[in-house]
Amino acid sequence: MNMKSLFAVLSLLAATALAGAAEGKPVKIFIVSGQSNMTGRGALGEFNKPAADQKATLVRYIMEPQNVEKYKFLYKEDERKTRRWTVRDDVFITSGDWPHDGKEGHGKHGGLGPHYGGFRNRGFGPELGIGHALGDYHDEQVLLVKVTFGANGLSNNFRPPSSGGTLGDKYPLVIKAVNDAIEHLPEIIPGYQKETGYEIAGFFWNQGESDGSPEASAEYEQNLANLIKDLRKEFKMPDMKVVIAVTGFGGRGAEGEGQLKVIAAQLAVPLRPEFKGTVATVETRDFWRPVEQFGSGGGGSIHWNGNGESYWLMGEAMGREMVKLLGAK
């Protein structure tokens, strides 16, 4: 048996073992929501160009000498040494309204990889790091339901029922996205069986840029607490785990007054007694990379200069925090 045949056999055995491990276990569904920085503006870069010349890209970051071994799982290399981004066969993602016709920018689904971010799906967002962390933790298949809306506030667009006033126009769309994903599970996940079922296991939230006004920031903590409780009630998951990302663009010391108030609220929510052990906030301000040193991938400072490193680190941290909440040592 030549090496190519041996590799094919080993790959088949590995896939069979993975399928056996997940057999009979419900699909773990995680909601990924927020505004434009959850949509993502991360620049990927190109493998066929010198990494060091591609500032603000994920390629530059993962090809740094200290990172090469750590992040080899993010790409595959064929016999001709051509590199391509990894697409996972145990973690899936769906985004955009159904039907999914495959046209660029119309929403799609598939195995987790890049191209589920902004700029007409050319880039990536925190979902990439989130999905890799969850896939490495779970034996079960994982589905990310990504439903994000740029320039939308929690005080108005995402406003949950428990906050009173006018229900946000985006809140029902979050619910619809999850229900649509459940309806289309056989299309999204190869081999999915209705008898196996699913579990809505977690909620990721990355939003806050639009709530910096005095009025919106003052009620942010209560609105976010209400959003969590309302989603738990909606999906009958009273202990659904939740990870919140700090609205950290600009880094430490550059935050405006409204941004600091939103950050304080995001840090305060997990401290509420009713959320003990089930809700956590991830600090992101240390992932800021100044454009003068790291260049820009586009999108401006409010979008982290489109820096692929920033978006990767944000998602990776959020995913790891969720894994902690789920019980990992």
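Points worth noting:
- Every residue from the range 154-206 that is more than 16 Å from LEU227 (Cα to Cα), in contact with a Pro (Cβ under 7 Å, 6 or more places away or on another chain) and surrounded by 14 or more Cβ atoms within 10 Å (Cβ to Cβ): TYR192, THR196, TYR198, GLU199
- Residue match in the range 219-241 (condition: in contact with a His (Cβ under 7 Å, 6 or more places away or on another chain) and either without any contact (Cβ under 8 Å) to a residue 12 or more places away in the chain or at negative phi (or both)): no
- Scanning the range 234-253 for residues that are closer than 23 Å to SER310 by Cβ and crowded, with 18+ Cβ neighbours inside 10 Å returns VAL242, VAL243, ILE244, ALA245, VAL246, THR247, GLY248, PHE249.
- Matching residues, the range 159-170, being of a type outside the set (Lys, Arg) and in contact (Cβ under 8 Å) with a residue 40 or more places away in the chain: PRO160, PRO161, SER162, SER163
- Scope the range 302-329; condition of a type in the set (D, E, K, R) and either closer than 10 Å to ALA43 by Cβ or assigned to a helix (DSSP H, G or I) (or both); matching residues: GLU309, GLU316, ARG320, GLU321, LYS324
- Any hit, the range 281-290, residues being in contact (Cβ under 8 Å) with a residue 24 or more places away in the chain and assigned to a strand (DSSP E or B): yes
- The single condition among (1) under 22 Å from VAL269 (Cβ atoms); (2) crowded, with 17+ Cβ neighbours inside 10 Å that VAL142 does not satisfy is (1).
- Scanning the range 55-70 for residues that are crowded, with 16+ Cβ neighbours inside 10 Å and either in a helix (DSSP H, G or I) or free of Cβ contacts under 8 Å to residues at least 24 places away in the same chain (or both) returns LEU58, VAL59, ARG60, TYR61, ILE62, MET63.
- Picking from residues in the range 32-50 that are surrounded by fewer than 24 Cβ atoms within 10 Å (Cβ to Cβ) and of a type in the set (A, V, I, L, M, F, W, C), the one that is nearest to ASP78 (Cα to Cα) is PHE47.
- Any hit, the range 212-225, residues being surrounded by fewer than 23 Cβ atoms within 10 Å (Cβ to Cβ), of a type in the set (A, V, I, L, M, F, W, C) and assigned to a loop (DSSP other than H, G, I, E, B): no
- Test: residue in the range 254-269 that is buried (at least 18 other Cβ atoms within 10 Å of the Cβ) and in a strand (DSSP E or B): no
- Selected residue (only one of GLY123, GLY129 is in contact (Cβ under 8 Å) with a residue 60 or more places away in the chain, buried (at least 22 other Cβ atoms within 10 Å of the Cβ), of a type outside the set (D, E, K, R) and in contact with a Phe, Trp or Tyr (Cβ under 6 Å, 6 or more places away or on another chain)): GLY129
- Every pair of residues 6+ apart whose Cβ atoms lie under 8 Å, when the first sits in the range 92-118 and is at pLDDT below 90 while the second is assigned to a loop (DSSP other than H, G, I, E, B) and of a type in the set (A, V, I, L, M, F, W, C): GLY107/TRP98
- Answer from GLU309, GLU316, GLU283, GLU274 - the residue that is under 18 Å from the mean Cα position of the chain (by Cα), among the charged types (D, E, K, R) and under 25 Å from ASP230 (Cα atoms): GLU283
- Matching residues, the range 291-301, being loosely packed, with under 12 Cβ neighbours inside 10 Å and either in a strand (DSSP E or B) or modelled with pLDDT under 95 (or both): none
The values are calculated or read from the model by the stated rules, or taken from the named source; none is laboratory data. These figures come from a predicted structure and were not determined experimentally. Here Cβ is always computed from backbone atoms with ideal geometry, including for glycine, and neighbour counts include all displayed protein chains.
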